[in-house]
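Some notes on the structure that comes next.
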Amino acid sequence: MSEIVLSSSARQRLEPYLLLSKSAKGGACVQLIKDALAAPGVYVFAELLDMPNVAELQNNEQHVSYHTLLRLFSYGTYKDYKENASTLPQLEATQLNKLKHLSIVSLSEESRTIPYDILLQYLDIPNVRELEDLIIEAIYQDVIKGKLDQKRKQLEIEYTMGRDLRPGQIDQMLEVLSAWSQTSEEILKVIDTKIVQVRDAAIENKKQKEEYEKEVERLRKEVKSNSKNVDHMEIMTGGSIDQYANMDYHDENTKGGRAGKSRKLTSVTIKNTCNYSEYQPMSHYTGNHSDQAHQNSSGVQRNEQNSTTVSPVRTIINTTTQRNTYDRHIPQRTPDPVNDYRQLRIDDNTKKRKISVIEEDAQQEEDGRIYRAVLGKSMFPLKDTTDEIIRRINNSSPSKVQKTVLPYSTPTKRRSNAIDSPFRNSYSSSPLPFEAQMILTSPRKPLRYISKHPYKVLDAPDLQDDFYLNLVDWSSNNVLGVGLGTCVYLWSAATSRVVKLCDMASQGSHRNSAENVTSVSWMPTGSHIAVGTALGPVEIWDVQKSKRVRKMRGHTQRVGALAWNQYTVSSGSRDRLIYHRDVRVPNEYTTKLTGHRQEVCGLKWNPEGTQLASGSNDNKLLIWDSASDVPIYKFLHHTAAVKAIAWSPHSHGLLASGGGSQDKHIRFWSTSTGEALECYDTESQVCNLAWSRHSNELVSTHGYSQNQSHLMGKI
């Protein structure tokens, strides 16, 4: 048989059976195999199969079927059991589920995505609901890790536990590895050849780059030399380039046909082809020139000695491209002042703080609010204007006829028709009314800054990564309760002190997942805390005395949700039940609620204590009245598990709920009318919701795929 190396946790669970197998023989060994196959968390059996007393069973006709069954659990599947069911012992429900878990592991070797249809047929399960329950149980047992895609009807597996190796499987693995090694060597040879080719090409490219750089440097020097030669030349602008077609210049101090170091323009005359007046060069550019220079039809008077001719068009192009000059002779030290100014503006803009997307959205929302306010003040008549019109109409049509000519009455103050307020629209030159101008000129309310970094980070080892659990809760005394493994710890925000409240592990036993804390919830007074466990009981602990005061049973599976209503704590479990437990009475529970078809993962009482909202993995959100055991509302809009639930402390009957990774929506409900109000797509799994006590704002925390926290305001 093949030898395997077991992990510490797997060997720890198998260790008692290995010790017993050393002395158990015959029927006792058969009973040992039955217990091992039914034991929770035991999924590897190769080492037990190799024990001598167990191996002897294959030679015993009476007990050989149990040895075959053990081999089936070691590296077989449920399909193998069905094919040989007539010769094998009948399995119990727990053993049957364990074999199906192992069969899912074997199926994952072929594909990491397994459709529901294949699983239903392969595992002989009648409906999808039972299949999902089986998969969730396998995930809880750490046999597989993945997620259920209910929309596509498939199981997506991230990783699985390792199974025992079949006889001869190691030889097959060696052959595969040998073939892979040979293929890898051939690939490495090809890669080495490609590397040499790339290296040669890089050397050639480097040589070409050096040649290009030398050529560029030579051209740069040549351009710089030409720029110095025409540095003192200035052209008077007055038309298009065609105006300069007849321009030439005269050089002095040239020897032997070569230009000297000093070049002096002695005479320049531009003939204007656009019917503008001819221009004379400025005195500081010209020497002594005669009137004949102005009468020369060619437009240029040259020195007869050692003259050099340069193309006027090329001179203009070189002059304009190298350096701009102006008629005022203002020094211009940069070739492109506009670009320099633009660069300064860019540099200034880069120094400003970058605005995040959230801040930009908030600014746009504030701008929209101001726009709507200004538009309303501009389009709709103001109240004082309406009152003035009504008063004039009433004065123009009296309701009764005056019978006396000079009646005696109290004199009334006569209203002046003159403009008596500087804020009337008649004084303003703006088309907007005064109220709209006040809105536009009033200082903008600054955006509230919310830090993106936590002010405190707490180390939380053994914190279970499970979406369905509620392991963190704040008390009214500003104390944080956290469930870590089998323990509950308390952290005081005032003193930063950490206290270990309790440990659920049995004395003298090793910690295991069956005794983990699965939920915590503080009593409203902050004096007691309720603790839900993986085995089902709910315990009430006195924080001041660090003493357990109650242990209430009733649930048969883990308790993942707790919620207090004064002295009554409600518990929701994976057994699909909800219990109301009054801690003042000796009964285990006072009311039993049955309405969900899968694990209850969310519970919240409204602020008045009259209604309870419950969410479950069956995608339902139920509303219960405190005096009834039948739900008054059933909200079926969510398409994934409903864990995040929060009641608004500002609006009566306003409830917010969030869906899981397949839903990603936050929905708002009115429990007064039973209507769905609003719905927001968060594009991520909604894990928790919490309302602010001081403002109408809602905070949501999210898991897959963005893992962010969002703040929603003005709800």
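Derivation of every value follows stated rules applied to the coordinates shown; laboratory data play no part. On a predicted model such as this, the values are computed, not experimentally measured, just so you know. Neighbour counts run over all protein chains shown; Cβ positions are idealised from the backbone, glycine included.
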Take the cross-link list LYS22/LYS147; LYS592/LYS643; LYS151/LYS456; LYS145/LYS664; LYS634/LYS664 and give me the ones stretching past 29 Å between alpha-carbons.
-> LYS22/LYS147; LYS151/LYS456
Starting with the fewest neighbours, write out ASP459, ASP117 ranked by other beta-carbon atoms found within 10 Å of each beta-carbon.
-> ASP459, ASP117
Based on Cβ point charges of +1 for Lys and Arg and -1 for Asp and Glu, what charge dipole magnitude is obtained for the stretch 8-160 about its Cα centre, in debye rounded to the nearest 20?
-> 160
Which net charge results when you count Lys and Arg as +1 and Asp and Glu as -1 among the other residues whose beta-carbon is under 15 Å from that of ALA460?
-> -3
Out of the stretch 106-175, which GluC sites (Glu not before Pro) are coil in DSSP terms and have no more than 16 other C-beta atoms within 10 Å?
-> GLU109, GLU110
Sparse-neighbourhood loop sites, GluC sites (Glu not before Pro) in the stretch 568-673 - DSSP loop, at most 11 other Cβ within 10 angstrom | GLU608
Using bins 10 angstrom wide from zero, how does P(r) for the stretch 8-160 break down, in % of all Cα pairs?
-> 10, 40, 31, 15, 3, 0
